[in-house]
Amino acid sequence: MRKTIKLAEAVARIPDGASIMIGGFMAVGTPPRLIDETVRQGKKDLIIIANDTARPGVGIGKLIDAKLVSKIITSHIGTNPETQRQMLAGEIEVELVPQGTLAERIRAGGYGLGGVLTPTGTGTLVEDNKQILEIDGRAFLLEKPLKADFAYLYAKQADYIGNLAYALTSRNFNPLMAMAAQEVMAEAQDIVPVGVISPDAVMTPAVLVDHLISKERRRG
Amino acid sequence: MDEKTLIARRVALELKEGDLVNLGIGLPTLVAAFVPKDADIFFQSENGIIGMLALPEEGLETEDLTDAGGSPIGALAGAATFDSAMSFGLIRGGHLDLTVLGGLQVDQKGRLANWMIPGRMVPGMGGAMDLVSGAKRVIVAMTHTAKGKSKIVRQCALPVTSVRPVSLIVTEMAVIEPTAQGLVLRELAPGVTVAAVQQATEAELIIPEHVPDMPVVEPPPRPADCPSTQRYGCA
């Protein structure tokens, strides 16, 4: 089954106000073409779920610069003064989540769990309005699952049917998000024939990928 | 020796053979420069690697391999990479021997505040809350005071990172250990008196009869091609 789709067609599927999980850590593992096309099409009021907002002009920072985001659920905005400015000005809602909790909430969303119990954040501002459960004498916060309408993934390799393999530290949130979104779009550095990625090396199975962004033919 | 170098050289003594260690951004990353390169210590970075190493030379960068700050790194032979859930499973699940973090304040109960200043600086907690909740040992490496004000206080005025007490506080003046009884003054930096530490410390300190001088590691001989800005040691 072919899954390739042109970049512009893929992004055209995203309505204003959609929630999008975006892989990457300081833009490493964030799909550059999907980000640029989202800016080009000028999507509005996006709800972004991602580890961070990188820096102005870089990765998810481009969505922030273009003011396409109304809310972001993230662990860290310290490297992007523009995100902080928009937050303090009330232009963007920022929900800060401890990084390990963010990973687990996304995993819970994709794995069909009702939430996760974590000791992280107990006794801090993070526990506000959350249920606290005592398990074997230790306090845990109930953290609820996260899901999204779309996911933007970035892989090192995709095969023709959409099996994905990630490289080194660009894996980060990508395989978790592949499980947790309604419609999953994958961009790959290289698209290779089926079989090049051996079954043991597949990190995200093709059934999870709805659209594989086709390469643009290089000229010259 | 400047105060940050002194702190890093003292903290380096806390890293033990075979340890899995996570160093926070800023001052803590200096610690790696004082760890002997054959010490068999593995550095974890929360973006998904065990075995990070300074980039051996310029021109070998790959966009797929960086530290948590997004800067290019290399990797040790035997390094492993993984997704964010496993990375924090390692941290939260008790597999991480030690984390070294910077601090804004530590209080009488050993509680660290290092992730926000309400209304002024809200960077987010990143991985700090998980690290303090989950690492086997947590060392705070920070200057003793900021703008003349003590950073070791009776009670944190800033939002705490975790209610779990840290294991050790290392500053340019002293080494202080949070215990059930309170903060115990364990070591004094060269030339610093007990009275000077007490004067620079808002929190109450328990002073043992004998407080030894702070030992520090000797700077390792550095290969000529390993600039001091290299983190996580040289290949």
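Exactly one residue out of B:196, B:224 is modelled with pLDDT under 95 and either under 17 Å from the mean Cα position of the chain (by Cα) or surrounded by fewer than 20 Cβ atoms within 10 Å (Cβ to Cβ) (or both), and it is B:224.
The condition (being in contact with a helix residue (DSSP H, G or I) (Cβ under 6 Å, 6 or more places away or on another chain) and within 19 Å of residue B:46 (Cβ to Cβ)) is satisfied by just one residue among A:94, A:126, A:116: A:116. For the stretch B:110-126, residues that are out of contact with any Cys (no Cβ under 9 Å at 6 or more places or on another chain), outside any loop (DSSP other than H, G, I, E, B) and buried (at least 19 other Cβ atoms within 10 Å of the Cβ) total 0.
Which one of these is among the basic types (Lys, Arg) and free of Cβ contacts under 8 Å to residues at least 40 places away in the same chain: A:105, A:33, A:138? After ruling out the rest, the residue left standing is A:138.
Those strands (runs of 3 or more DSSP E) of the stretch B:1-79 in which at least 1 residues are within 17 Å of residue B:168 (Cα to Cα), considering only elements entirely within it, cover B:20-23. Per the listing A:131, A:157, A:182, the residue uniquely more than 10 Å from chain B (Cβ to nearest Cβ), polar (S, T, N, Q) and surrounded by 19 or more Cβ atoms within 10 Å (Cβ to Cβ) is A:157. Being surrounded by 15 or more Cβ atoms within 10 Å (Cβ to Cβ), at pLDDT below 95 and out of contact with any strand residue (DSSP E or B) (no Cβ under 6 Å at 6 or more places or on another chain) is a property that holds for residue B:231. Scanning the stretch B:1-29 for residues that are under 21 Å from residue A:26 (Cβ atoms), in contact with a Lys or Arg (Cβ under 9 Å, 6 or more places away or on another chain) and at pLDDT 90 or above yields a single hit, B:23. Remark: pairs (first residue in the stretch A:197-209, touching a residue at least 24 places away in the same chain (Cβ under 8 Å); second residue among the β-branched types (Val, Ile, Thr) and surrounded by 12 or more Cβ atoms within 10 Å (Cβ to Cβ); Cβ separation under 9 Å; 6+ apart in sequence or on different chains) = A:203/A:197; A:204/A:184; A:206/A:161; A:208/A:184; A:209/A:161; A:209/A:184. Taking the residues in the stretch A:111-128 that are more than 10 Å from chain B (Cβ to nearest Cβ) and small (Gly, Ala, Ser) as candidates, determine which candidate is surrounded by the most Cβ atoms within 10 Å (Cβ to Cβ). Restricting to residues being more than 10 Å from chain B (Cβ to nearest Cβ) and small (Gly, Ala, Ser), the top hit is A:115. Residue check: residue B:106 meets all listed conditions (1) crowded, with 21+ Cβ neighbours inside 10 Å; (2) within 13 Å of chain A (Cβ to nearest Cβ); (3) assigned to a strand (DSSP E or B) but one, namely (2). Considering only residues in the stretch B:58-79 that are under 19 Å from residue B:32 (Cα atoms) and among the aliphatic types (A, V, I, L, M), the one that is farthest from the other protein chains (Cβ to nearest Cβ) turns out to be B:77.
The values are calculated or read from the model by the stated rules, or taken from the named source; none is laboratory data. Keep in mind that what you see is a predicted model, and the values were worked out from it rather than measured. Because the Cβ atoms are built from the backbone with ideal geometry, glycine has one as well, and the counts that use them run over all protein chains shown.
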